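Values quoted throughout were computed directly from the atomic coordinates according to the rules given, and no laboratory measurement underlies them. What you see is a predicted model; the values in this text were computed from it and never measured. Cβ coordinates were reconstructed from backbone atoms using ideal geometry, including for glycine residues, and neighbour counts include every protein chain displayed.
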């Protein structure tokens with residue numbers, strides 16, 4: 001029988017009083033396995049820290065989302081948001097499930113082409129498209145979503161240099177009753193800027209106007225905001241058809257659906273406030289169905305949601321480097337991954353779970369990463385079991401943005417593993433090495449050693 005590790009007695013202050021907004025603090029249940037594979041075995045075989053993604057969860061989540069919309073509206077097309085997670089293996093899972101590609105940069109566009117996506121199935125968003133990017137998209141017949149007048153003028157000029165007519169939509173920003181209003185991107189609906197952009201496109205005769213696009217914000221838990229946005233885009237589409245005799249082929253509602261991660265500072269937990277796909281779908285498709293389109297000429301509904309499709313499929317596993325006491329007596333724990341890998345820790349209160357069975361004893365703990373920066377704090381306070389050096393931990397719901405916004409700061413980026421449908425782990429991105437880091441550096445001869 002294995003001898004149990006000794007836990008020294010401690011004296012700690014008990015904070016009595018009323019339960020918090022989510023009741024009394026709960027026990028942080030261990031996550032010992034991911035898709036039936038032992039976390040301990042994964043870390044042994046692939047190193048610590050380690051990102052783990054579940055193909056099963058990705059496919060199941062996507063199918064729930066598309067069913068929620070297709071059961072309510074006959075013409076639905078999802079486009080995978082490359083900026084959310086652009087690892088090729090992940091993108092190709094979504095493409096196998098029928099998703100197009102939604103990209104916001106030239107290199108993301110090239111990744112989509114490499115992943116076998118045809119130009120007509122690529123939606124090109126974002127305010128920073130180079131002239132060469134635009135020429136490539138025009139020649140590939142991709143849908144270019146115009147973000148500002150300067151881009152519109154550039155497209156009109158480039159149309160004289162290309163054999164193909166640019167297929168375009170405009171991004172529309174609007175008041176949907178939420179704060180803050182996202183007006184940095186696109187043309188405003190209320191002040192007439194969006195209508196002026198449409199007028200310039202039509203009168204130029206240089207571009208083929210095919211759609212309208214909006215993206216009202218990020219982590220939006222208000223389904224009424226999506227209803228208002230869909231109503232306004234539909235009214236705009238019908239007005240364009242009436243004034244310019246130009247039928248809008250698709251309405252792109254963007255993304256922004258919330259996941260089950262808890263936002264910092266939020267009063268209620270995500271479990272209580274995050275709508276399901278069905279609730280988002282009801283708000284959006286209900287507005288389109290009521291808008292008054294000819295039933296034989298309904299626009300295609302395009303959705304670019306990323307976070308809600310991938311967050312639950314991602315895990316970050318790692319190891320406790322040390323524990324210590326801070327000056328005020330609080331317990332602190334240092335992990336072998338920090339905000340350089342878990343970038344979303346800046347806006348989420350991520351749950352951190354032990355990867356092995358623990359006692360019920362818990363203590364208020366501050367969780368740090370290994371970086372030599374004071375900002376490297378994963379949680380400023382949470383109840384955790386009495387973890388010690390070399391114990392293992394798992395952070396769930398990290399599939400979105402962490403593998404695109406991660407940094408080579410102080411530590412290199414680790415292995416990423418995909419657990420396939422057959423339960424086997426596949427390395428889909430190798431851990432970085434010093435040679436990888438310096439491969440593009442150039443040293444002048446006078447500094448050679």
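Within a 10 angstrom radius of the beta carbon, how do 156, 375 rank from fewest other beta carbons to most?
Values: 156 17, 375 10.
Starting with the residue having the fewest Cβ neighbours, the order is 375, 156.
Zone of residue 150 (label point 7 Å along Cα→Cβ, backbone N under 18 Å): which residues in the range 88-123?
Residues passing the 18 Å test: 105-106.
In whole angstrom, how far apart do the alpha carbon centroids of the range 207-225 and the range 57-95 sit?
Distance between centres, Cα-based: 17 Å.
Please give the length that would be gained between residue 264 and residue 184 if that part of the chain were fully extended, namely 0.36 nm times their separation in residues minus their C-alpha to C-alpha distance (nm, one decimal). Write down the numbers at each step before the final one.
Working: separation 80, 0.36 × 80 = 28.80 nm, distance 2.35 nm.
In short, 26.5 nm is gained.
I want to verify a result. In a Gaussian network model of the chain, Cα cutoff 10 Å, which of these has the top mean-square fluctuation: 364, 45, 328?
For the chain, modelled as a Gaussian network with Cα springs under 10 Å, the answer is 328.
With the Cα gyration tensor of the range 196-251 giving a ≥ b ≥ c as the square roots of its eigenvalues, does the rule (a/c under 1.5 for rounded; else a/b larger than b/c for prolate; else oblate) give rounded, prolate or oblate? Please list the in-between numbers first.
On the way: a/c = 3.06, a/b = 2.14, b/c = 1.43.
Prolate.
222 nm [θ] for the chain, helices only, -39500 (n - 2.57) per DSSP H run of 4+, per residue, to 500?
Values: 13 runs with 126 residues, N = 449.
Counting only the DSSP helices, I get -8000 deg cm²/dmol.
Round to the nearest 10 and give me the degree value, 0 to 90, for the angle of helix 277-289's Cα axis relative to the longest principal axis of the chain.
Helix 277-289 and the main axis of the chain meet at about 10 degrees.
Angle, helix 149-159 long axis vs. longest principal axis of the chain, Cα atoms, 0 to 90°, nearest 10?
So the inclination is approximately 60 degrees.
Using the count of nearby Cβ atoms within 10 Å as a rough guide to exposure, how do 104, 168 rank from fewest to most? Please list the in-between numbers first.
Working: 104 19, 168 26.
Placing the least packed residue first, the sequence is 104, 168.
Helix 223-244 against the longest principal axis of the chain: what's the angle in degrees, Cα atoms only, rounded to the nearest 10?
20
Given q = 0.07, 0.08, 0.14 Å⁻¹, what are the Debye log10 I(q)/I(0) values for the chain, with equal point scatterers placed on the Cα positions and solvent ignored?
After summing over all Cα pairs, the log10 values are -0.42, -0.54, -1.30.
Ranked by Cβ crowding within 10 angstrom, fewest neighbours first, how are 380, 296, 133 ordered? The partial results should precede the final answer.
On the way: 380 12, 296 5, 133 20.
So the residues, fewest neighbours to most, are 296, 380, 133.
Considering the chain as a Gaussian network with a 10 Å cut-off on Cα pairs, which listed residue, 242, 254, 211, attains the greatest mean-square fluctuation?
Ranking 242, 254, 211 by mean-square fluctuation puts 242 first.
Roughly how many whole Å is it from the C-alpha centroid of the range 373-448 to that of the range 335-356?
The two parts, judged by their Cα centres, are 11 Å apart.
Taking the Cα centroid of the range 156-179 and of the range 103-145, what is the distance between the two, rounded to the nearest whole Å?
So the separation of the two Cα centres works out to 13 Å.
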